[in-house]
Structure formats: C-alpha cells, structure tokens
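Working notes, beginning with the structure itself.
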Amino acid sequence: MLIYPFELCMSILNRLEVYTQTHPQEVLVVTAEVQGEREIVLIFRGFSSSLTRPTAFDPDIPILDDTATIETIDRLASPYNPDNPQYIERGLTMEQMQVLMGDRG
C-alpha cells in the first residue's frame, strides 16, 4: 500500500472534493494517519469533515495537518448513513481513485 505525504494530501483532498461535486451520489471516506493516530475524513458534495475530531468552521483551515498520510479511500452511496453504510468500493488506493477521477499519470 502506498502512503501519500502531506505535500500531496492538500491537492488530493481538493481534487477529491471536486470529484464529489461532480458525483453527488457518492460520499468518500478517507482514512489517513496523523502523527501516529488514525484520522477519518468524510467528503461529500465538495466539503470535507473530520469524523474523528472537531472540524474547524472555516473551510480554509485544512482538515489534515502537514504530518498526514492518506492510506485508503472508500466510496459510499449517498446519503451517508453511519448506521448502515452502503459501500460502492472499499479500500481504494490513491492510484485507483486517480483512475476514477480521470487521472492517468
């Protein structure tokens, strides 16, 4: 499994937000590691929110800090129901997600 350092995380999170704007029927759940702790971020219709810690009200404040690494991405059907999540795909790598986003290189 490839892990992505923060330098790529911000642009990747932004691109994942754009993806969810163009695919409103999907919710993305991104699992990352931040300073040795697991962070789970939900992305829906262009907005990111942390499921494991408080999310800043200001959208300009990054969800993940500069120590974060993206581990996996899950695609779920919208609307998201944490009690009964409807998975489309689980455990995607960033390479697999880039193919879905139309990135080939």
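For the reader, a short list of remarks on this structure follows.
- Pair list, Cβ under 8 Å, 6 or more apart: the range 75-98 residue loosely packed, with under 14 Cβ neighbours inside 10 Å, other residue assigned to a loop (DSSP other than H, G, I, E, B) and of a type outside the set (Lys, Arg): Ala77/Gln25; Ala77/Gln86; Glu95/Leu2
- Flag for Leu64 being surrounded by 14 or more Cβ atoms within 10 Å (Cβ to Cβ), in contact with a Phe, Trp or Tyr (Cβ under 9 Å, 6 or more places away or on another chain) and at pLDDT 95 or above: no
- Here Ile70 fits the description: surrounded by 12 or more Cβ atoms within 10 Å (Cβ to Cβ), of a type in the set (A, V, I, L, M, F, W, C) and in contact with a helix residue (DSSP H, G or I) (Cβ under 9 Å, 6 or more places away or on another chain).
- Residue within the range 75-94 that is part of a loop (DSSP other than H, G, I, E, B) and of a type in the set (Lys, Arg) present: no
The values are calculated or read from the model by the stated rules, or taken from the named source; none is laboratory data. Bear in mind the structure is a predicted one, so any value in this text is a computation, not a measurement. Glycine also receives a Cβ, built like all others from the backbone with ideal geometry; neighbour counts cover every protein chain displayed.
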